[in-house]
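Working notes for the structure below.
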Amino acid sequence: MKSTQGVVDIRGKQYQTVSLRIHEFRLKHPIDDGWGLITELVECSEAQVICRASVVSPEGKTVATGYAQERWTGQINKTSAVENCETSAWGRALSAAGLGGEKFPVASAEEMQQALSQQSNKPQVSIKEHIWGCNDPESLYQLVGKWEEKRPIENNHENWAGIAAFARARMAETGWEYHESLDKFLAMVEKATEVQDESA
């Protein structure tokens, strides 16, 4: 991801940051003229946060709105879901008001970065559940083999260190008999992750 003056390149597509949209909005519609950017907390429960942002004219007319939703999950949202939700709602409301025009997507750079972060964290959250769902060494071997195809060890060595540890723990807990292919695979994973950690 590359950033240049409030515009971030994410996977080859340009996204504006919310701070840039707010800056451009305030240049055209100063606070002194009576323009407002209002946020309403629609829901704040244990499950999720929903915010509604409104762009309000000096006459009190709502000229654009934007909604956002966040859950209390992930490293950032665990403590800052409300703040992130408000920022996303601002970005969408300002986009609806014309900030960015046709050149940029409605989603802000922050929204896209958050979405990608959540996607990349999903496998980490479900590693233990998947491994404990295996009923025998062969199914566990097939599972980690499929993961390796999609998530090569050399690119995800930190995740693979956890996968190997969970797999060993599952084997120990169940008392499964020795499985040569699985054992060789886990030994290879552990060796690769040790080398990666030492060179990091």
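Convert 10 °C to kelvin, take the viscosity as 1.306 mPa s, use the Kirkwood radius over C-alpha pairs of the range 133-199 as Rh, and evaluate the Stokes-Einstein diffusion coefficient in µm²/s, rounded to a whole number. For these conditions, the coefficient is 131 µm²/s.
Of the cross-linked pairs 150/184; 128/184; 78/191; 150/191, those separated by over 27 Å at the C-alpha level are 78/191. Put in order of Cβ neighbour count within 10 Å, fewest first, the listed residues 29, 130, 23 become 23, 130, 29. Calculate the FRET efficiency for residue 135 and residue 187 from the Cβ-Cβ distance with a Förster distance of 25 Å, rounded to the nearest 0.05. Here the calculated transfer efficiency is 0.65.
No value in this document is a laboratory result; all are computed from the given coordinates. Model, not experiment: these values are computed from the prediction. Methodologically, a virtual Cβ is constructed for each residue, glycine included, from the backbone with ideal geometry; neighbour enumeration extends over all protein chains shown.
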